[in-house]
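Shown next, in structure tokens, is the structure this report addresses.
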Amino acid sequence: MRTKERGLSGGAAAGGATATAWLMGLAAWAFPGAGHLLQGRLVRALLLGGAVWAMFIAGLLLGGHLFDLSGQEDGNALLRVPPMIANLGSGVLYFYCWATGTGFAEGAEQAARATFEYGNTFLLVAGLLNYLAMLDAFDIAAGRKS
Amino acid sequence: MMISFAALVAVVFGIVGRDTARERALYGLKIFAEFVGIGLALAWLLYFLPL
């Protein structure tokens, strides 16, 4: 009986922690750095969020291109899904650019820029790094990491 | 550009990949050195290859 009570109590606690962890993960994805900031980890939030923000902004300044499903290029739309998933990792940054039409142009003029591919890489990696930061925030909230 | 890319990636990898501050700093430096070193090595290799 005692074991059962402990189990139930532990399960409820774990359920609460999991809900918080999911919220922290969501916050970390939506706004780079927010997941750690909400947990009081200011330095980690500044470093992780700062790295993602810096990489995303650098990617845009280098003339990089953000991917969505409605590209103008010929070819299979499925090929655009993996880079779009990587770009989506930037959370609100991606949606802000999508809403304002920033970074989605893919004309020949933009592609001719010497830094076009560098910009693409910066934008893709910014999203992927934010996925890592999101998992880190989730693990901290779930008690798996300190 | 490569240096800034390596530095930003190393910061994130260092923080999420290790647990203590010292381990994070060392791991971040290692990742940074590997990115820069391998990048330079590949650049020289491709320079000599007639592609």
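Where the alpha-carbon atoms of the range A:92-142 are placed on the principal axes, they occupy 47, 23, 8 Å, in descending order. Ordering A:Trp29, A:Trp53, A:Trp22 by the number of other Cβ atoms within 10 Å of each residue's own Cβ, fewest first, gives A:Trp22, A:Trp53, A:Trp29.
Our compactness index for the protein assembly as shown, the C-alpha radius of gyration over the empirical 2.2 N^0.38 Å, is 1.22. For the peptide A:48-56, the mean number of other protein chain Cβ atoms found within 10 angstrom of a residue's Cβ is 3. From its DSSP helices (H runs of at least four residues, each -39,500 (n - 2.57)), chain B gives a residue-normalised ellipticity at 222 nm of -30000 deg cm²/dmol. Using the Karplus relation 6.51 cos²θ - 1.76 cosθ + 1.60 with θ = phi - 60°, the per-residue 3J(HN,Hα) values for the range A:36-46 come to 7, 4, 5, 9, x, 9, 5, 5, 5, 5, 5 Hz, with x marking Gly and Pro. Against the main long axis of the alpha-carbon atoms of chain B, helix B:2-17 sits at an angle near 30°.
Applying the Karplus relation 6.51 cos²θ - 1.76 cosθ + 1.60 with θ = phi - 60° to the range A:26-32 yields 3J(HN,Hα) values of 5, 5, 5, 5, 5, 10, x Hz, where x marks Gly and Pro. Backbone phi angles across the range B:43-51, fed through the Karplus curve with coefficients 6.51, -1.76 and 1.60 (θ = phi - 60°), yield HN-Hα couplings of 4, 5, 4, 5, 4, 8, 7, x, 9 Hz in residue order; Gly and Pro are listed as x. Pairs of C-alpha atoms in chain B farther apart than 12 Å represent 62 percent of all such pairs. Packing, taken as the mean count of other beta carbons within 10 Å per residue, orders the peptides A:122-131, A:86-95, B:30-39 from highest to lowest as A:122-131, A:86-95, B:30-39. For the residues of A:118-125, the average number of beta carbons from a partner chain within 10 Å of their own beta carbon is 2. When the P(r) is computed for the range A:52-146, the part past 15 Å accounts for 61% of the Cα-Cα pairs.
No value in this document is a laboratory result; all are computed from the given coordinates. Remember, predicted model here, so these are calculated numbers, not experimental data. Note: ideal-geometry Cβ built from the backbone for every residue, glycine included; neighbour counts use all protein chains shown.
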